[in-house]
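Since the structure comes first, as structure tokens, the remarks are kept for the end.
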RNA sequence: GGUUCCAUAGCUCAACUGGAUAGAGCAACAGAUUUCUAAUCUGUAGGUUCCAGGUUCGAGCCCUGGUGGGAUCACCA
């Protein structure tokens, strides 16, 4: 870091001295692997000051730098690219510093506090693959922020109330025969999910019967005469299918028997009906038990949990406040709105005519609650990109309300996880259950390890832990290595493949290093005379690691760390393959290589730690 | 339809935010185990970066217009 700074200063001096040009922002790049050199300065922007050809300009600067900066051993020029070659001594010093001081990450977040909300499950269903991406991203991102010096509060907002929970409750009450997790042997969240599905099944049956009835037929006929239906007909779409899905909500809200029962239950819940509350508490407890074990196996945790049942009314006071300050306005029917048309968005409702709050109102309330609780500098929501619009609106509203913390809101938006057959969303029934998926990858790890037959001397407990580390690691890495904001494809086959760019490959590299260090016993850092290419490439990669961590933090993207660690592991394997480490003839060379190996292992472990992935000592 | 995100090798993803000859892994083919762990390594093949313009020394990346796909546009959460 210091070197980079002084190199920049010297370059500014060079430009001043050579061309009388006061440069402000000079940046060096890593030299492309196809060219010799370590750092590259692009000289094209300076041509209008030098008034010389690119090659000559580069040569001027190169000569100046070589004379004034001792670390530069030589330079070469390709067109307008000045490639600086740093001395072996420089890289050996880097290696020495790394060995002595370990991984040093500049603390860009020191003194800053950040609340990261992630996971945020509904309590009516077990977690699925989409949730895993959320949890793994959220947790990893917290680790990365902490490594950058931030004080991080890992926050979970549990959506424990509302119509969807009542659906599970009602179905259990009607058809559950007092079934419990104990009596059925089903994990609590899955049991509650089972009754949610049961509700939907019963509702669909009821809806299906109605559609065939007189009322249903006449509603359909009315729909067929509408102008919208005409258009669809011309397009050749299945009218009945469209009607069926479009009318579903109306049917649920106005006609359905079971629908009115469940709405009544929600109302009773809001009125504090003792029986309903007791049932709600009982079933939520089952779900929390289930979630706890899923979270534990996934290796994520929280510092602060909010329950929506406690917070869903909080926004109302702020709505009132906004009304007096003029941020909001009221319509004749009593509903309260905010006008965002100046910001290119629509008018949004923030409170219904009957005085109840909507989704965005609750988020306004919890944002304020968070700030009162933590006085954080910024707060981050790890939520899927289907809510991009929602968070844009939320931030604008908070600004309109003159909340100073509004500026610190960031939506860490991630893309949906697709399955090869099609997209994966709970309402379409093609979910991959989180618990089943974890079980599957761990089993695959077991199978593969047994096939390789290297498990001698390990106890059953150690093996069990190993399979867990490998399987869960593979799953997490598969989800984390992809740029968070991009939609990604989850291929079950590929995710449990342990070859190539996967966690087991990196973990394998780590165990290899561990066994190397065990065999070596003791050694100390010694500088050899020369540096070969593989050694140097490892030093370069390890040198770049801290800035990858910083980049990941400021770009909100754990995948940068995953890629940095993978590159390092790959480089080590090559290095390991081509050079005998323990068998090196000179002890200096042997010690040096062992030091590099050790440092490499520590970097891998550190990087995987930030991703929330464990590394085994043996496998 | 409005807004917004995306499009890179047969497949899954990279490309240090505008730099050089666009890189990995998988799949395919050809090789390498007297070894500190072969879950490894080496090589071959694979590209008009969706299309058409523009900006400049220089574009996968920025701008404009298309094409194709996703999301969103609820007094649902």
Using alpha carbons only, how many degrees (0 to 90, rounded to 10) separate the axis of helix A:257-271 from the longest principal axis of chain A? 70 degrees
DSSP beta bridge pairing in region A:33-179, given as percent antiparallel to the nearest 5: 60 percent
On the formula 1/(1 + (r/R0)^6), with r taken between the Cβ atoms of residue A:533 and residue A:67 and R0 of 35 Å, the FRET efficiency rounded to 0.05 is 0.80
Using a ≥ b ≥ c from the Cα gyration tensor of region A:243-301 (square roots of the eigenvalues), is it rounded, prolate or oblate, where a/c under 1.5 gives rounded and otherwise the larger of a/b and b/c decides, a/b for prolate? oblate
Given an 8 Å cut-off on Cα distances and at least 6 residues of separation, report the relative contact order of region A:540-619 as a percent. 31 percent
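What FRET efficiency comes out for residue A:459 versus residue A:281 if R0 is 51 angstrom and r is the Cβ-Cβ distance? Round to the nearest 0.05.
Working: r = 42 Å, r/R0 = 0.82.
Rounded to the nearest 0.05, the efficiency is 0.75.
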FRET efficiency for residue A:331 and residue A:242, Cβ-Cβ distance as r, R0 = 30 Å, nearest 0.05? 0.40
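How high is the relative contact order of region A:300-389? Use alpha-carbon pairs under 8 Å, at least six apart in sequence, and give a whole percent. Mind showing how you got there, number by number?
Values: 86 pairs, mean separation 22.7, N = 90.
Relative contact order of region A:300-389: 25 percent.
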Label point distance in nm, residue A:174-residue A:375, each placed 7 Å from Cα along Cα→Cβ: 5.2 nm
Simple label model, 7 Å out from Cα along Cβ direction - residue A:341 to residue A:618, nm: 7.3 nm
For the pair residue A:215 and residue A:97, the simple spin-label estimate (label points 7 Å beyond Cα toward Cβ) gives in nm 7.7 nm
Would you work out the relative contact order for chain A, in percent, from Cα pairs under 8 angstrom that are 6 or more residues apart? 15 percent
The rounded separation in angstrom of the Cα centers of region A:112-155 and region A:174-210 is 30 Å
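If packing is taken as the average number of other Cβ atoms within 10 Å across a peptide's residues, how do A:579-592, A:285-298 rank, most packed first? All intermediate terms of the calculation are to be shown ahead of the outcome.
Details: A:579-592: 14.4, A:285-298: 17.9.
Listed from highest to lowest mean packing, they are A:285-298, A:579-592.
Highest mean first, how do A:199-205, A:478-484, A:326-332 rank when packing is the count of other Cβ atoms within 10 Å averaged over residues? Before the final figure, lay out the partial values.
Numbers: A:199-205: 15.4, A:478-484: 22.0, A:326-332: 13.1.
Descending packing order for the listed peptides: A:478-484, A:199-205, A:326-332.
I'd like to compare A:84-96, A:557-569, A:149-161: which one has the highest average count of other Cβ atoms within 10 Å, and what's the full order after that?
The peptides rank, most packed first, as A:557-569, A:149-161, A:84-96.
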Please compute the length gained on full extension between residue A:24 and residue A:567, using 0.36 nm multiplied by the number of residues separating them and subtracting their Cα-Cα distance. 192.2 nm
Length gain on complete extension for the stretch residue A:12 to residue A:183, per 0.36 nm per residue less the alpha carbon to alpha carbon distance? 54.0 nm
Find the centroid of the Cα atoms in region A:531-554 and in region A:471-490, then give the distance between the two in whole Å. 22 Å
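Within chain A, what percent of beta bridges assigned by DSSP are antiparallel, to the nearest 5?
Working: 22 of 44 bridges.
Taking every DSSP beta bridge within chain A, about 50 percent pair in antiparallel fashion.
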For the Cα atoms of chain A, what angle does the longest principal axis make with the long axis of helix A:587-611, in degrees from 0 to 90, nearest 10? 20 degrees
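Any idea what the alpha-carbon Rg over 2.2 N^0.38 Å comes to for chain A? Before the final figure, lay out the partial values.
Working: Rg = 30.3 Å, N = 619, 2.2 N^0.38 = 25.3 Å.
Chain A yields a ratio of 1.20.
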Given the C-alpha centroids of region A:232-284 and region A:54-91, what is the distance between them in whole angstrom? 71 Å
Alpha-carbon radius of gyration plus Dmax, which is the widest Cα pair, for region A:19-163 in Å: 24.6, 74
For chain A, what is the calculated [θ] at 222 nm in deg cm²/dmol (nearest 500), taking -39500 (n - 2.57) for each run of four or more DSSP H residues and dividing by its residue count? -19000 deg cm²/dmol
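Quick one: divide the alpha-carbon radius of gyration of region A:192-342 by 2.2 N^0.38 Å and tell me what you get.
Working: Rg = 22.0 Å, N = 151, 2.2 N^0.38 = 14.8 Å.
Dividing the Cα radius of gyration by 2.2 N^0.38 Å gives 1.48.
Rule-based calculations on the coordinates, nothing more; no lab input. This structure is a prediction, so every number in the text was calculated from the model and none was measured. Neighbour counts run over all protein chains shown; Cβ positions are idealised from the backbone, glycine included.
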